[in-house]
Amino acid sequence: MSSAIGFGALNLDKIFRVDKIPGKDEEGFVRDLQISPGGSAANTIVGIARLGIKSAYIGKVGDDAEGRILLEDLKREGVETRAVIKAEGRSGTAMIFVDDEGNRAILVDPGVNDTIRYEEIDLDFAKKFKLLHLTSFICKNGLQSLESQKKIVEEFEFVSFDPGMPYAERGIKDMLPILRSTTIFLPNRVEIEKMFGMDFKSSAEKCLELGVEIVAVKLGSEGCWIKTKDKEIFVNPFRVKVVDTTGAGDAFNAGFLYAYLKGKSVEECGKIGNYVASLCIQQIGARTGLPRLIPEKF
């Protein structure tokens with residue numbers, strides 16, 4: 001049976017709809033506020049769970065109201081939480097500012113997210129799942145969670161990895177232990193170019209040299225570009241009205257990994273990734289638009 005377990009931050013998202021995203025010394029005003037569970041890997045795992053894939057999560061929450069909301073939401077979505085650690089301290093939160101064009105800015109309080117020790121992880125449980133999906137930690141409260149990710153990848157045959165900007169900015173040298181164990185690399189264009197210091201196509205070639213099997217680069221409104229040892233494919237996006245881009249990359253990951261776990265071709269993976277992302281950006285929040293069914297034909 002296809003299955004996936006995520007390992008990343010758990011954040012309670014506070015999404016502010018604003019008239020504009022202020023620059024330095026500027027002011028704006030809030031039109032609306034929506035609070036919802038988030039965290040990049042968690043968004044992807046929820047998306048996969050909704051599509052019927054057996055799913056679980058490795059993370060950490062504080063002993064507070066935010067932590068209880070995060071845990072209960074994962075359970076409600078059908079994600080197993082046995083490997084989510086409860087600790088003293090603050091749960092992670094993210095303040096997300098979204099303007100009328102769907103652009104966003106994010107401020108993250110990592111809380112206890114950065115403090116996951118490898119010894120705390122229920123490895124026997126985690127290894128019951130076929131695919132391990134990793135995303136970044138902020139690493140402002142230490143590197144324990146990142147170091148735990150570097151160790152755990154050695155225990156899985158299939159690993160997907162979305163670095164996010166926090167890991168992309170750390171550079172290729174620091175990410176090598178993860179990349180060398182990665183099956184599917186899922187950066188956006190800015191992230192992969194930042195990490196490798198070269199254009200995304202040349203960067204993808206370097207990834208393949210490290211042993212990555214599939215590199216899927218998210219190009220936003222331009223769709224996605226996929227590189228394997230034998231193929232190079234550009235997949236067009238779905239044209240929709242953008243309401244909020246929060247979680248668009250996570251939604252793409254959910255669609256792509258769902259298709260991969262179902263044995264689809266890399267082109268189909270890209271199409272389904274783009275499709276799920278297109279549903280996400282038509283709604284406010286990272287999870288609101290995530291589907292429970294993928295049509296047989298688009």
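Here are the numbers for the structure shown:
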quantity: Conditions (1) exposed (fewer than 15 other Cβ atoms within 10 Å of the Cβ); (2) free of Cβ contacts under 8 Å to residues at least 12 places away in the same chain: number failed by Glu154; calculated: (2)
quantity: Among (1) crowded, with 24+ Cβ neighbours inside 10 Å; (2) over 16 Å from the mean Cα position of the chain (by Cα); (3) at pLDDT below 95 - the single one Met195 does not satisfy; calculated: (3)
quantity: Residue under evaluation Leu186, criteria (1) under 18 Å from Ala42 (Cβ atoms); (2) in contact with a Cys (Cβ under 8 Å, 6 or more places away or on another chain); (3) of a type outside the set (Gly, Ala, Ser), criterion not met; calculated: (2)
quantity: Scan of region 192-240 for residues that are among the charged types (D, E, K, R) and within 22 Å of Ile272 (Cβ to Cβ), ordered by number; calculated: Glu213, Lys218, Glu222, Lys227, Lys229, Asp230, Lys231, Glu232, Arg239
quantity: Residue in region 182-191 that is surrounded by 15 or more Cβ atoms within 10 Å (Cβ to Cβ) and over 16 Å from Cys224 (Cβ atoms) present; calculated: yes
quantity: Answer residue from region 165-189, given it is among the charged types (D, E, K, R) and outside any helix (DSSP H, G or I) and is farthest from Val108 (Cα to Cα) among those; calculated: Arg180
quantity: Entirely in region 99-164, the strands (runs of 3 or more DSSP E) that have 2 or more residues that are under 23 Å from Val190 (Cα atoms) and in contact with a Leu (Cβ under 8 Å, 6 or more places away or on another chain); calculated: 158-162
quantity: So Ile35, is it among the hydrophobic types (A, V, I, L, M, F, W, C) and within 25 Å of Ser2 (Cα to Cα); calculated: no
quantity: Evaluation of Phe298 against (1) modelled with pLDDT under 95; (2) more than 25 Å from Arg17 (Cβ to Cβ); (3) within 19 Å of the chain's Cα centre (by Cα) (one fails), failing number; calculated: (3)
quantity: Subset of region 252-298 (residues that are crowded, with 17+ Cβ neighbours inside 10 Å and of a type in the set (Phe, Trp, Tyr)); calculated: Phe252, Phe256, Tyr258, Tyr260, Tyr275
quantity: Single residue of region 55-83 satisfying the filter (part of a helix (DSSP H, G or I) and of a type in the set (D, E, K, R)) that is surrounded by the fewest Cβ atoms within 10 Å (Cβ to Cβ); calculated: Arg76
quantity: Positions within region 190-205 being of a type in the set (Asp, Glu) and assigned to a helix (DSSP H, G or I), in sequence order; calculated: Glu191, Glu193, Glu205
quantity: Flag for Lys86 being of a type outside the set (Asp, Glu) and either part of a strand (DSSP E or B) or touching a residue at least 60 places away in the same chain (Cβ under 8 Å) (or both); calculated: yes
quantity: Selection status of Lys173, surrounded by 15 or more Cβ atoms within 10 Å (Cβ to Cβ), more than 27 Å from Gln282 (Cβ to Cβ) and among the charged types (D, E, K, R); calculated: no
quantity: So Gly52, is it modelled with pLDDT of 95 or more, surrounded by 14 or more Cβ atoms within 10 Å (Cβ to Cβ) and outside any loop (DSSP other than H, G, I, E, B); calculated: no
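Residue-by-condition table, conditions (1) of a type in the set (Lys, Arg); (2) surrounded by fewer than 23 Cβ atoms within 10 Å (Cβ to Cβ); (3) modelled with pLDDT under 95; (4) under 15 Å from Arg104 (Cα atoms):
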residue: Gly6; (1), (2), (3), (4): no, no, no, no
residue: Leu10; (1), (2), (3), (4): no, no, no, no
residue: Arg17; (1), (2), (3), (4): yes, yes, yes, yes
residue: Asp32; (1), (2), (3), (4): no, yes, yes, yes
residue: Gly39; (1), (2), (3), (4): no, no, yes, no
residue: Ala42; (1), (2), (3), (4): no, no, no, no
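The values are calculated or read from the model by the stated rules, or taken from the named source; none is laboratory data. Keep in mind that what you see is a predicted model, and the values were worked out from it rather than measured. Reconstructed Cβ throughout: ideal geometry from the backbone, glycine too, with neighbour counts over all protein chains shown.
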